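Structure first, then comments.
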Amino acid sequence: MNFMNKNLIYTIKKTNHNKEDLLNILKEHPEIKFVSLVGVDLSGNDTDEKIPVKIFIEDIEAFLHGTAVQTDGSSVVLPGIATLNNAKIDMIADIECNWFVDYNYDFIDPSTEKPVGTLRIPCFLIHENVAVDSRYILKSAVSTFKESLLNIFKNNPNTLVPFGISYDDIDEITITSATELEFWVQTPNDVAHIEELSTSQVLQEQYWTRTKGIVRTALEESLLLMDAYGFEPEMGHKEVGGVKGKFDSSGNFNHIMEQLEIDWKFDGASQAADNELFIRSLVKETFRKHGLEATFLAKPIEGVAGTGEHTHLGVSLKLKNGKRINLFTATKKHFLSCIGYGAIMGLLKNYEVINPFVSSTTDSLKRLKPGFEAPVCIVTSLGASPEVPSRNRTILAGLIRDINNPLATRFELRAPNPFTNTYLCLAVSYLAMLDGILYALENNKSEDELLAELSKKAGEDAKYLEKDRAYRSEEDVFEHYTEEERKKFFGVAPATVYENLQAFDRYPEKLKTLKRNNVFTDKLINSFKTAVTKRWATEIISRIISNYMDEIRSYKCLHNSEKALDLDLTNWIAINDLRHIIMKDTYSTRGLFTQIKEAINAEKYDKASKLQLELDESMHMLRHLYSNYKKNLLDI
């Protein structure tokens, strides 16, 4: 069946979220057989159930204006909130956003000859009359941001003078956000050698090259479907990672392993997060239909470029006369307005407590390594001069400007990945930016003063930013600074999930930034921390160690003892010794695997974190030794 059908409905706009319109739409589209309320828990998981559309129609008022659906704590990740003895969760539909129809192209309804559809309705998760889900946290953060700025503008009219307006000219504050999706696709069960992938990456053989075969078809189909849903795709292209596919005996491509990127138009913060959540599913299903596996892991292949999801953050004013003003755009010869300077200062100063929400998995932290265009340091770049926009790709948060389009000014946070919970990432980012904006406006700071503070050297005093730190660099931070200098100037990046979570305890003052107006409460933060710790520990024991076991067992002795040279024997002895150190237990010693398991089971997470780093270093060394060993053998 043709994947596009002009008689299908893909999106139901919020203007149609009323009983009369919905009943008419569902009557006109009997292919929509199910309704699903979509709540997003603290781990970014989205709920999905199949409620027959007949039940939805019969109880439509309750779905639209009350609590028609309930679930329990075992269905969502809310530890310490939805407990076994108090697990009831109410699901309340959000009628202030777009609803999408998810079509199953593998299941054609015989009566309509159209794919069976499920109407996915974003919702809030309510426990004991309190919203506890990621969508509501973002909604609350955006409300706090807007209300705080409006109060400043109302009580201090001078803050609007640079924009040439008064408080009465303002219709509303608009939050604009956008993400972009990078992902790897491959033919199932195919494995490309790391050296082959790494070489192709260094030679830039894949970046922006022409897509071919089923990859091209799946990419183009994804973009057309996105357009049908109203996401307004802007681009789809190959990314830096991948190898060339090969022809099989039938003339088709196989052995496919490529990295792709898809971009689409910005939207309001909550809608942008909803769009991304749906697009991930759309892309994955579209490529699956063509026999390709899409993965959104941040670092699916060790030693090769990871997968990012740069997140764009902007703020503007909509005036009563219809005009729009970007609040970050400079009103004089400067990089930014005072509000823009305050925003980036707040983001950087508070990033330690933002990072746990952005990089909450082992995979995400493995991506953030020097040499892969992934950010490591808490630092920004503004550009060599206000006339020349920066394109420094080594920094954490970049300033994006278009000299000919003042409305385009925004910040690009480069640390998120496709599995980052975008709702929480946006929430904490805007709360942190608000903290810096309030500093700038409440203290009547000028652009010159703010630029000087943002550009300070490590050790120089500052009113808002920390004395011992630097926050701006126009240089390549990987090439211009040594590792010691990076740590000294920009702070030490966490190496494990547990280290990252410790920021909540190390920086209580920064954590208060996230608690403004109770957007985040201690209960929510502790629930998030518990959930991430459990996932980290479980992943190490059940996935990472298990995968490493298979890898270690595959490193076998390959040389012929009669033909081997002394170097071959020495290489294998070193490999085998390291295999035993990592994996083997004796009566008197424990391998690294067992030591880590024992530490986690005893809840000695600090010890487990240190042992995880030791394990990663040992595996890196083992791969290097085995590669050199194989290269020196004539016969294998």
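In table form, for the structure just shown:
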quantity	calculated
Relative contact order [Cα under 8 Å, 6+ residues apart], region 11-132, whole percent	32 percent
Option label - Rg/Rh (Cα atoms, Kirkwood Rh) computed here, alternatives (1) 1.11; (2) 1.25; (3) 0.98	(3)
By average C-beta atoms within 10 angstrom, highest first, the peptides 501-509, 466-474	466-474, 501-509
Taking Ser390, Ser627 and counting other C-beta atoms within 10 Å, the order from fewest to most	Ser627, Ser390
For Leu399, Leu634, Leu8, Leu450, order by how many other beta-carbon atoms lie within 10 Å, fewest first	Leu634, Leu8, Leu399, Leu450
Nitroxide proxy distance, nm - points 7 Å out along Cα→Cβ at Ser546 and Ala574	3.3 nm
DSSP-defined beta bridges in the chain - what % are antiparallel, rounded to 5	85 percent
Simple spin-label estimate for Lys467 and Leu150 in nanometres, 7 Å along Cα-Cβ	4.1 nm
For region 98-164 and region 561-636, distance of Cα centres in Å	48 Å
Environment charge of His290, counting only residues whose C-beta is closer than 14 Å and scoring Lys/Arg +1, Asp/Glu -1	-1
Segments 346-357, 375-386 sorted - mean Cβ within 10 Å per residue, highest first	346-357, 375-386
Cα gyration tensor, region 381-438 - rounded (a/c under 1.5), prolate or oblate	prolate
Listed pairs Lys366/Lys488; Lys318/Lys463; Lys563/Lys584; Lys333/Lys456; Lys369/Lys556 exceeding 23 Å between Cα atoms	Lys318/Lys463; Lys563/Lys584; Lys369/Lys556
Helix-derived mean residue ellipticity, 222 nm - over the chain, DSSP H n ≥ 4, -39500 (n - 2.57), to 500	-12500 deg cm²/dmol
Three-way shape label, region 466-599, alpha-carbon gyration tensor, a/c 1.5	oblate
Rounded FRET efficiency, nearest 0.05, which uses the C-beta distance separating Ile581 from Met235 and R0 of 60 Å	0.80
For region 137-520: relative contact order, % (alpha-carbon pairs under 8 angstrom, 6 or more apart)	20 percent
Segment Ser627-Glu614, extension gain: residue separation times 0.36 nm, minus the distance between their alpha carbons	2.7 nm
Rough spin-label spacing in nm, given labels placed 7 Å along Cα→Cβ, for Thr331 and Ser143	3.0 nm
Burial ordering of Phe153, Phe100, Phe478, fewest other beta-carbon atoms within 10 Å first	Phe478, Phe153, Phe100
Options Ala458, Asn517, Thr295, ranked by Cα towards positive dipole end of the chain, top entry (Cβ charges)	Ala458
Karplus-derived HN-Hα couplings along region 577-582 (A = 6.51, B = -1.76, C = 1.60, θ = phi - 60°), whole Hz, x at Gly and Pro	4, 5, 4, 5, 4, 6
Per-residue ³J(HN,Hα) for region 332-349, Karplus 6.51 cos²θ - 1.76 cosθ + 1.60, θ = phi - 60°, Hz, x for Gly and Pro	9, 6, 8, 6, 9, 6, 4, 5, x, 4, x, 4, 5, 5, x, 4, 6, 4
HN-Hα J in Hz across region 468-485 - Karplus 6.51, -1.76, 1.60, θ = phi - 60°, x for Gly and Pro	7, 10, 10, 10, 9, 8, 9, 8, 5, 5, 7, 8, 7, 10, 6, 4, 5, 5
Most to least packed among 528-538, 411-421, 155-165 [average Cβ atoms within 10 Å]	411-421, 528-538, 155-165
Mean separation of Cα contacts under 8 Å (6+ apart) over length of region 101-142, as relative contact order %	26 percent
Extension gain (nm, one decimal) between Val130 and Glu562, 0.36 nm per residue minus Cα-Cα	148.2 nm
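Values quoted throughout were computed directly from the atomic coordinates according to the rules given, and no laboratory measurement underlies them. For clarity, every value in this text was computed on a predicted model and none was experimentally measured. Please note: Cβ atoms are built from the backbone with ideal geometry, for glycine as well, and neighbour counts cover all protein chains shown.
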